[in-house]
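As structure tokens, the structure follows; a few thoughts come after it.
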Amino acid sequence: MRKTIIKPALHKVTSLMERADTENIVPKILCNTDAQTDLIQRVEQYYNDIQSSQTLTITGKILLYALSYMCLTNHYGLLTFGMKAEVQNERIVSPVFIASLPRTGSTILHRTMSLDTTRFRTFDLADVIQPLVSSSSSSSQQPQKQQPIPRWDKTARAQNANAGTQILNQIKLIYPGHMECLETLHGFRPNEADEDLGWYNNALGHPYMDALMKLYPQYQKRHLNDTIESIHVAKYRYAWLSMIMKIYQYNDKIEWERRKHTEGRSFLREHSRPSFDLPWLMKDPNHSAYLTELTHEFPDAKLIFTHRHPADVIPSLAKLFVVFTAPEVIPGTPGSSAKEWGEETLRRIKLNGIVEFTEAQNNNNGRYSFSSDGNDNDGNNDSTFRIDLSFEEVTQDVVGAITKIYEKFYPDQSNLSNTARSAFTKYLEKNEREKHGNQRRSLEDFHLTKDDVEFREYNDMFLINGQLN
């Protein structure tokens with residue numbers, strides 16, 4: 001597999017990166033000599049980590065390495081699309097990032113907000129699984145090209161979601177019951193909004209979170225700067241994410257004009273003209289560790305933070321790690337015990353990221369300042385760029401939390417439309433908390449104590465008795 005599939009795909013990608021560097025259209029961080037070398041080394045290290053792992057099953061190793069081919073294939077296709085000058089000329093205006101810590105109610109918030117399609121555009125899990133599909137063409141004689149699906153094309157998005165479901169069903173055949181078990185913690189649904197981290201798979205040339213969770217014993221042996229958790233790689237990831245957003249923005253417009261021209265009135269009867277300037281709604285728990293890099297790439301981003309006591313976050317996150325990796329882990333091997341998962345979760349939580357970012361903003365009266373009394377800092381004229389909510393505020397009243405976000409970010413257009421409210425209500429009724437089950441967990445399950453998860457700086461800044469300051 002390495003010689004016959006992965007290496008040729010890797011060579012194809014790096015050759016395209018070399019061409020992109022010469023054409024000087026794509027940001028240099030995505031295609032220059034350093035980027036090419038980094039990609040080769042990452043994929044090579046990924047292979048070595050899989051090969052040396054004592055923890056993964058043979059099936060797990062094969063599946064994990066095979067995913068690298070899919071990532072490289074998508075990388076090639078997306079970079080090809082991104083090399084158009086018109087794509088790079090796109091501007092990303094005021095994207096909204098849910099940058100909360102994991103297990104803080106951010107998923108239900110994100111997936112519910114994404115249903116307000118007259119206010120936001122989002123990516124579904126299906127987009128991440130299969131970002132490029134054959135374009136529709138009125139002439140069967142024309143060769144079909146691979147391209148993204150427009151956000152306004154509900155029919156094509158539904159078809160892509162069905163294709164994504166079929167792919168996930170293959171995993172169900174390999175690991176019966178695993179997807180249903182994951183649903184009790186974090187459902188993977190192709191037709192619903194999903195996290196930004198999926199796009200990093202294609203950027204890196206191999207799965208992002210799979211590597212962090214399933215190969216963490218190997219990662220612990222290396223310095224942080226030599227891993228995909230480094231600041232350097234974060235800057236690369238965000239440049240890639242920016243390119244993806246620009247690709248979809250550009251494609252939305254050109255596909256609308258193409259199909260309006262080729263299909264005429266029949267197309268216009270089925271599709272009302274969309275708004276092409278909607279902001280993106282994005283979400284990734286890992287953003288909280290790289291907020292400086294995130295806001296450097298997206299300087300007018302709006303940030304949403306949901307807060308929950310670390311003593312509740314950490315056992316929930318550790319449980320998710322265990323459930324996610326369980327089918328591919330050999331019991332009793334290094335990194336597989338509950339105690340080791342507890343230690344790894346403590347290492348991964350990275351609470352200092354949001355604390356240091358907020359402190360720097362407060363000290364400089366920045367647009368992302370946080371005032372513990374709930375008021376904006378004196379002299380802060382850009383108070384529409386950040387909102388902080390408690391876990392309880394979100395989970396007990398999702399629509400109420402969204403209303404607060406709209407009032408904060410869009411004071412002149414804060415009203416929730418009847419269409420959006422109806423969509424929110426239907427979705428929340430279908431996805432009541434614990435409706436799909438619940439995985440009981442505690443600190444003791446992972447050999448942790450309250451002292452281990454005190455995180456005083458975070459708690460002092462954001463929480464009082466577990467509630468938002």
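Worth a mention:
- Report summary: the helix-based calculation at 222 nm, which adds -39500 (n - 2.57) for every DSSP H run with n ≥ 4 and divides by the residues of the chain, gives -16500 deg cm²/dmol.
- P(r) tail, the stretch 141-282: Cα-Cα pairs separated by more than 20 Å, 63% of all pairs.
- Packing-based ranking of 278-289, 383-394 yields 278-289, 383-394, ordered from highest to lowest mean Cβ neighbour count within 10 Å.
- Pair-distance profile P(r), taking every C-alpha pair of the stretch 146-220, with 10 angstrom steps and integer %: 15, 39, 36, 9, 1
- Debye, to nearest 20: dipole size of the chain, +1 on Lys, Arg Cβ, -1 on Asp, Glu Cβ: 1700
- Packing-based ranking, highest mean first, of 162-169, 27-34 given that Cβ atoms within 10 Å are counted: 27-34, 162-169
- Accessible surface, 1.4 Å probe, highest first, among residues Ile330, Ile108: Ile330, Ile108
- Taking the alpha carbon gyration tensor of the stretch 221-344, multiplying each eigenvalue by 5 and rooting it gives semi-axes of 41, 20, 16 Å, largest first.
- The solvent-accessible area of Phe321, taken with every protein chain present and a 1.4 Å probe, is close to 10 Å².
- Shape category assigned to the stretch 231-283 from the gyration tensor of Cα positions, a/c cut at 1.5: prolate
- Here Lys408 is the anchor, and the aspartates and glutamates within straight C-alpha reach of less than 19 Å, apart from those fewer than 8 places off in the same chain, are Asp116, Asp300, Asp373, Asp376, Asp378, Asp382, Asp388, Glu392, Glu393, Asp397.
- Helices assigned as whole DSSP H runs in the chain whose Cα atoms extend at least 20 Å along their own long axis and whose mean Kyte-Doolittle hydropathy is 1.0 or higher are found at 310-325.
- Estimated distance in nm for a label pair at Thr403 and Glu457, the labels positioned 7 Å out from Cα along Cα-to-Cβ: 3.7
- Two-decimal log10 I(q)/I(0) for the chain, as the Debye equation yields it once each C-alpha is a single scatterer, q = 0.08, 0.10, 0.12 Å⁻¹: -0.48, -0.78, -1.16
- In order through the stretch 454-464: 3J(HN,Hα) via Karplus (6.51 cos²θ - 1.76 cosθ + 1.60), integer Hz, x for Gly, Pro: 5, 6, 4, 4, 5, 5, 5, 6, 10, 10, 10
- Using alpha carbons only, the radius of gyration of the stretch 64-128 set against its Kirkwood radius gives Rg/Rh = 1.05.
- Pairs exceeding 23 Å between alpha-carbon atoms, taken from Lys214/Lys339; Lys283/Lys404; Lys28/Lys283; Lys154/Lys253; Lys7/Lys246: Lys28/Lys283; Lys7/Lys246.
- Relative contact order, whole percent, for the chain stands at 22, derived from Cα pairs under 8 Å and 6 or more residues apart.
The values are calculated or read from the model by the stated rules, or taken from the named source; none is laboratory data. These numbers were taken from a predicted model, which means no experiment stands behind them. Please note: Cβ atoms are built from the backbone with ideal geometry, for glycine as well, and neighbour counts cover all protein chains shown. Please note that ligands, DNA and RNA were not included when accessible areas were found on the heavy atoms of the full protein model with its side chains. Shrake-Rupley method; radii C 1.70, N 1.55, O 1.52, S 1.80 Å.
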